[in-house]
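The values are calculated or read from the model by the stated rules, or taken from the named source; none is laboratory data. Please read all numbers here as calculations on a predicted model, not as lab measurements. Using ideal geometry, Cβ is built from the backbone for each residue, glycine included, and neighbour counts are taken over all protein chains shown. Accessible surface is based on the protein model in full, side chains and every heavy atom, while ligands, DNA and RNA are left aside. Shrake-Rupley method; radii C 1.70, N 1.55, O 1.52, S 1.80 Å.
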Amino acid sequence: PRGPLREPLSALRGADALLVVDGPLPLADADAIAAHASRARWFRARRRPVSLRPLAGGAAGSPRQLAGRFVGLLSGIARPASLRRSVEALGATVIAERSFPDHHRYRERDLRDLDAAPLWVTTEKDALKILPRWAQGADLRVLAAGLEVEAGDDFIDWLERTLRAKRR
């Protein structure tokens, strides 16, 4: 991750591997990273929706249940467009959005008047900061995502070799 509260690019000198999630990176960023992590192996990964559960708790279901639904999005993440793409790829139509800055500290007033959509979707990161009672009866669900490494077998083989070598 990059940002003001992260390590500087120079910290990449010690990196064995880089995992680019939901890439590709802009060329300038990739070049800057490569200059600092010249010996690191690069891998790619994508976030994939794996379940959808009520914020208030209960059984998780398939994210495919969003297909054909009209939804609102509630997020405080760096790239809210990524949540939108995920939800739309599942077949939902986004009719409302309530986006806050990354790392937003939710308050009850942030969840007032969620009547613009019959169903609201948020991220796991956001769900940790929202008390269910704040939703005031709105249908608010949490879209859980998993990480899928491209060429996953190659990644696992590389990881095992690297860990064995470092133990010696």
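Computed quantities for the displayed model
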quantity	calculated
Where a residue in the stretch 36-63 is free of Cβ contacts under 8 Å to residues at least 24 places away in the same chain and its partner, wherever it lies, is surrounded by 15 or more Cβ atoms within 10 Å (Cβ to Cβ), with Cβ under 6 Å and at least six apart	Gly61/Leu52
Which listed residue is in a loop (DSSP other than H, G, I, E, B) and more than 29 Å from Arg6 (Cβ to Cβ), from Gly58, Gly72	Gly58
Tabulated pairs, the stretch 90-107, first part of a strand (DSSP E or B), second modelled with pLDDT under 95, C-beta under 6 angstrom, 6+ apart or interchain	Ser99/Pro80
Residues that are outside any strand (DSSP E or B), within 28 Å of Gly91 (Cβ to Cβ) and either among the basic types (Lys, Arg) or touching a residue at least 40 places away in the same chain (Cβ under 8 Å) (or both), drawn from the stretch 119-138	Lys125, Asp126, Ala127, Lys129, Ile130, Pro132, Ala135
Test: residue in the stretch 124-137 that is out of contact with any Lys or Arg (no Cβ under 6 Å at 6 or more places or on another chain), among the polar types (S, T, N, Q), open to solvent by less than 70 Å² (accessible area, probe 1.4 Å) and farther than 14 Å from Gly72 by Cα	no
Test for Ala116: is it modelled with pLDDT of 95 or more, of a type outside the set (D, E, K, R) and either in contact with a Phe, Trp or Tyr (Cβ under 9 Å, 6 or more places away or on another chain) or in a loop (DSSP other than H, G, I, E, B) (or both)	yes
Residue that is farthest from the chain's Cα centre (by Cα) [pool: residues in the stretch 73-93 that are open to solvent by less than 20 Å² (accessible area, probe 1.4 Å) and among the hydrophobic types (A, V, I, L, M, F, W, C)]	Ala92
